[in-house]
Structure formats: C-alpha cells, structure tokens
1. Roughly how many percent of the accessible protein surface of the stretch 175-231 is carbon and sulfur, given a 1.4 Å probe and a whole-percent answer?
2. At a Förster distance of 30 Å, what's the computed FRET efficiency of K185 paired with F214, Cβ-Cβ distance as r, to 0.05?
3. Express in Å², to the nearest 10, the accessible area of M159 obtained by rolling a 1.4 Å probe over the protein heavy atoms while all chains stay in place.
4. Can you give the FRET efficiency to the nearest 0.05 for T149 and L245, using r as the Cβ-Cβ distance and R₀ = 35 Å?
5. Using a 1.4 angstrom probe on the protein heavy atoms only, could you order V135, V57 from most to least accessible area?
6. Counting pairs of alpha carbon atoms under 8 Å apart in space and at least six apart in sequence, what relative contact order in percent does the stretch 96-221 give?
7. How much of the accessible area of the stretch 46-174, probe 1.4 Å, is carbon plus sulfur, in whole percent?
8. For D39 and N230 in one chain, what is 0.36 nm times their gap in residues minus the Cα-Cα distance, to one decimal in nm?
Amino acid sequence: MQKRQTNRILNMKRTLLLFLTLTILSGCEFISNTFDYKDKTEEFVEALLQENYDRCVELFAMGHEMARNTNPDSLKAGLGNFRNLVVDNFGSELDYSLMKSEKTWSTIEENNTPPNTTVVLVQFSNETHFGVFKVLFDDQTKKILNINTLDVKEQIPNMTLFWLFGLIVICVPIFNIYVIRLIKKSDLKKKWLKYIALVFFNVPAITYSAVGGFSFSLLSFQILLGMSFNYMGYLNSAWTLGIPLGGLYWLWKIKTRKPNEDVEQVELDKTEEEK
C-alpha cells in the first residue's frame, strides 16, 4: 500500500515537472516569435513605403486558409491605398518599437485569436507623432495574415514628467517595506494581519499615463506593495500609485503606542480573570 502511494506521488511529480517544462519551452518560443514578428512587421512596412509590393506579398501567408482566395493583384492595389494612408499621416521615415504580442482565449468566440496565430502591436513614429500597427501572424509560416493601423495618431509625449512621477511611485513600496520592518521588530500581536494590511490596503490610486496624463480611481487597490507599472509603447505607458493607507495607519500606531502596550494589556486581562 505504501509502495503504491509512493509511486503515485512520483507520477504526480513527473507529470508536474513535464507540465512546467512544456510551459517554459512554450513561453520561450512565444517570446522568440514575438521579436521575429516585430522584425517582419518592420520589413513589411519598409517594403510598403518603398512601393515594393511584390516583397509585401511575399511576406503574406498566402497559403493560409484565411488568405487562399485573395487575388495578388487586388492585394497590391489595397497595399497602395494602405501606403498612402500611412505616408499622408506620418511620412515615409519611421521608427518602430514592439508594444506587445498576445493570444486570446475567451468564452466569447469572436474574441478568440484564430488557432495558431498571434496578434502583435507595433508602435511606429516620426519626429512628432506616433501610431500603432495591429498585425495578425500565422504561427506556422511566421508570415502576415492581416495588418492595419489602430485609430491612433498622438503627439509624442514628453517622458520627463512620466519618469519623475515614477520616482515618487517607487517611494511607496520602499515606505511599506520600512513599515514592515518596524512591525517585525515590534511586539505587536498577529503580525501577519498587519502585513496583509500593508500589501492590500494601498487605495485610492493615482495613475499617470504618458499620453492621457493624471487620473484618479477611488477603489483601485494596488496589491504589489502600493504600485504598478506598464511600459508598452507611449500609448500604454503608465505608473499607478496606491495611497499606502495600511502602512500609514500602522506607522501611526507604532509611533504613538506605549512600549509593550499589548503585553501589558494581556497581563491586565489575566489578572482580572484570576480575581
């Protein structure tokens, strides 16, 4: 019986190890593909700007079932219109940066990414403005299935204030860690409850977005010790600062309480019980 149970545990461990290995390998492949897709997008757009439509067609997954009925000549005509749209709004000298790649699984069928495909967002910019390409890639051939621009034409923001606000945001987890150390060194009871308060009660939240500026959210809890950070192109770059209510409360309690207050209270309660 014991041997059977030991074998069952070993099988579970092997299954878990295999699952973790496959997950890590899949993640590595996904990251590798993402950077490859960014380079393919840049190559495609540069060929488009140079009106090299033959090369653009070569970069399309023409053999995929989603594109099998596409006429190359019709595609080239559409690419000409697409080029005019980009050039008229942003010019022909562009810089590129990866924003993100994603695969979506949802119970709502139309929200799902098609099987064996990846959606990639690539930011492009000239000297004053930026936009975003949304590209659907075939994971089998690593070629483009669809490309369009999001309805975005924004002025490139001044990132100085963004990074200065980031310095303030970073002070919040530093403050919370400081209070955690004070709690650890104190004689407070049930310290784990105090730690949970510091981790979770960082609310309300102030967000600074590189494009949108400041915003305020009354019930946004920042559970990563009071902050969050996002840096995926200008459009999605944001710092969020959670007001450290839990940390401020326990700092006040520690600084204003008498030494060994909890211990004295416990001894007083015991004395009264004995009477």
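The values are calculated or read from the model by the stated rules, or taken from the named source; none is laboratory data. For clarity, every value in this text was computed on a predicted model and none was experimentally measured. Cβ placement follows ideal geometry from the backbone for every residue including glycine, while neighbour counts extend to all protein chains displayed. Only protein heavy atoms, including side chains, enter the accessible area calculation; ligands, DNA and RNA are left aside. Shrake-Rupley method; radii C 1.70, N 1.55, O 1.52, S 1.80 Å.
1. Numbers: 2470 of 3500 Å².
Answer for the stretch 175-231: carbon and sulfur cover 71 percent of the accessible area.
2. Between K185 and F214 the formula returns 0.25.
3. 30 Å²
4. Details: r = 42 Å, r/R0 = 1.21.
Efficiency at R0 = 35 Å is approximately 0.25.
5. From most accessible down to least: V57, V135.
6. 14 percent
7. 48 percent
8. Details: separation 191, 0.36 × 191 = 68.76 nm, distance 2.25 nm.
Extra length from D39 to N230 when fully extended: 66.5 nm.
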